[in-house]
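Following: one structure in structure tokens, then a few remarks.
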Amino acid sequence: MNIDRIEFMAWMERIMERFDILMELVSGAKNQHTIIDGEELLDNQDILQMLKISARSLQRYRSSGKLPYYTISGKIYYKLSDVHQFVRESFTAPMPKTKANS
């Protein structure tokens, strides 16, 4: 079976177009977050990347009740507003430097 160059190039072009379509679908699905009642829900991976913490730290925040979470079909989610509140409550302003009396 001999395929000439023109047929081969046309065949390769069709394959590349399909790859482009698949890449768009995957990119769209990856950037899509779950939204319930207008509130964006983030999963564990989103929170780990956002807060730059370990999985164990995230588990500790859940267990201690510092970071509220929701379980949907066995998967853990966090409301974006709860994450923002957690960050605000965890933020500690630096203590103002006082001059020592000599």
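The values are calculated or read from the model by the stated rules, or taken from the named source; none is laboratory data. What you see is a predicted model; the values in this text were computed from it and never measured. Neighbour counts run over all protein chains shown; Cβ positions are idealised from the backbone, glycine included. Just so you know, the surface numbers come from the protein's heavy atoms only, side chains and all, with ligands and any DNA or RNA stripped out. Shrake-Rupley method; radii C 1.70, N 1.55, O 1.52, S 1.80 Å.
Normalised by the number of residues in the chain, the average gap of Cα pairs under 8 Å and 6 or more apart makes the relative contact order 20 percent.
Largest first and in whole Å, what are the equivalent-ellipsoid semi-axes of the chain based on the Cα gyration tensor, each being the root of 5 times an eigenvalue? Show your work: numbers first, answer last.
On the way: eigenvalues 487, 87, 29 Å².
Three semi-axes, in Å: 49, 21, 12.
Evaluating 6.51 cos²θ - 1.76 cosθ + 1.60 at θ = phi - 60° for every residue in the stretch 54-70, the Karplus couplings come out as 7, 4, 5, 4, 4, 4, 5, 5, 5, 4, 7, x, 6, 10, x, 9, 9 Hz, glycine and proline recorded as x.
Hey, any idea what % of the chain's accessible area is carbon plus sulfur with a 1.4 Å probe?
Roughly 56 percent, rounded to a whole number.
Dividing the Cα radius of gyration of the stretch 40-92 by its Kirkwood radius returns 0.92 for Rg/Rh. Under a 5 Å amide H cut-off, with hydrogens placed 1.01 Å from N, residue 67 pairs with 62 among residues at least 5 apart or on other chains. Here the label points at residue 13 and residue 64, each 7 Å from Cα along the C-beta direction, are separated by 6.1 nm in the simple model.
Considering helices alone, the calculated mean residue ellipticity of the chain at 222 nm is -17500 deg cm²/dmol, with DSSP H runs of length four and up weighted by -39500 (n - 2.57) and normalised per residue. Projecting the Cα atoms of 92, 23, 34 onto the dipole axis of the chain, where Lys and Arg carry +1 and Asp and Glu carry -1 at the beta carbon, places 92 farthest toward the positive end.
The phi torsions of the stretch 12-25, fed into the Karplus equation with coefficients 6.51, -1.76 and 1.60 and a -60° offset, translate into couplings of 5, 4, 5, 5, 5, 4, 5, 4, 4, 5, 4, 4, 5, 5 Hz, rounded to whole numbers, with Gly and Pro shown as x.
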